[in-house]
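Asks: Got a structure for you, written out below as structure tokens; questions coming shortly.
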């Protein structure tokens, strides 16, 4: 969940297979974030420091840092924002 947007309860799943390259997996994760951005921009935030939008945190400043396996085929993305 993105700080300030927990109320959106944005959880997405995407198919992944052992045949996928890291680049393909990273691109799929980027597309998930891309689909979150318009929802966040239309919504209020409870944490203005982490507000998504061109005037605050644009998509172009969000970077995938790592992926963590949580088990059972579930992965968590670790992202950073370049302020």
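Asks: Test residue 31 against the stated conditions and say whether it is surrounded by 10 or more Cβ atoms within 10 Å (Cβ to Cβ) and more than 12 Å from the chain's Cα centre (by Cα).
Replies: Answer is no for this residue.
Asks: For residue 49, which of the numbered conditions (1) in a strand (DSSP E or B); (2) exposed (fewer than 13 other Cβ atoms within 10 Å of the Cβ); (3) touching a residue at least 40 places away in the same chain (Cβ under 8 Å) fails to hold?
Replies: Every listed condition holds for residue 49 apart from (1).
Asks: Which condition number does residue 75 fail, the rest of (1) surrounded by 12 or more Cβ atoms within 10 Å (Cβ to Cβ); (2) modelled with pLDDT under 90; (3) assigned to a loop (DSSP other than H, G, I, E, B) being met?
Replies: So residue 75 meets the others, but not (3).
Asks: Taking residue 57, is it touching a strand residue (DSSP E or B) at 6+ places or on another chain (Cβ under 7 Å) and either surrounded by 11 or more Cβ atoms within 10 Å (Cβ to Cβ) or closer than 15 Å to residue 76 by Cβ (or both)?
Replies: Taking the combined requirement at face value, the residue satisfies it.
Asks: Any chance you could count how many residues in the stretch 10-28 are more than 21 Å from residue 56 (Cβ to Cβ) and either assigned to a helix (DSSP H, G or I) or within 13 Å of the chain's Cα centre (by Cα) (or both)?
Replies: Number satisfying all stated conditions: 11.
The values are calculated or read from the model by the stated rules, or taken from the named source; none is laboratory data. Since we're looking at a predicted model, the values are computed, not measured. Virtual Cβ from ideal backbone geometry, glycine too; neighbours counted across all protein chains shown.
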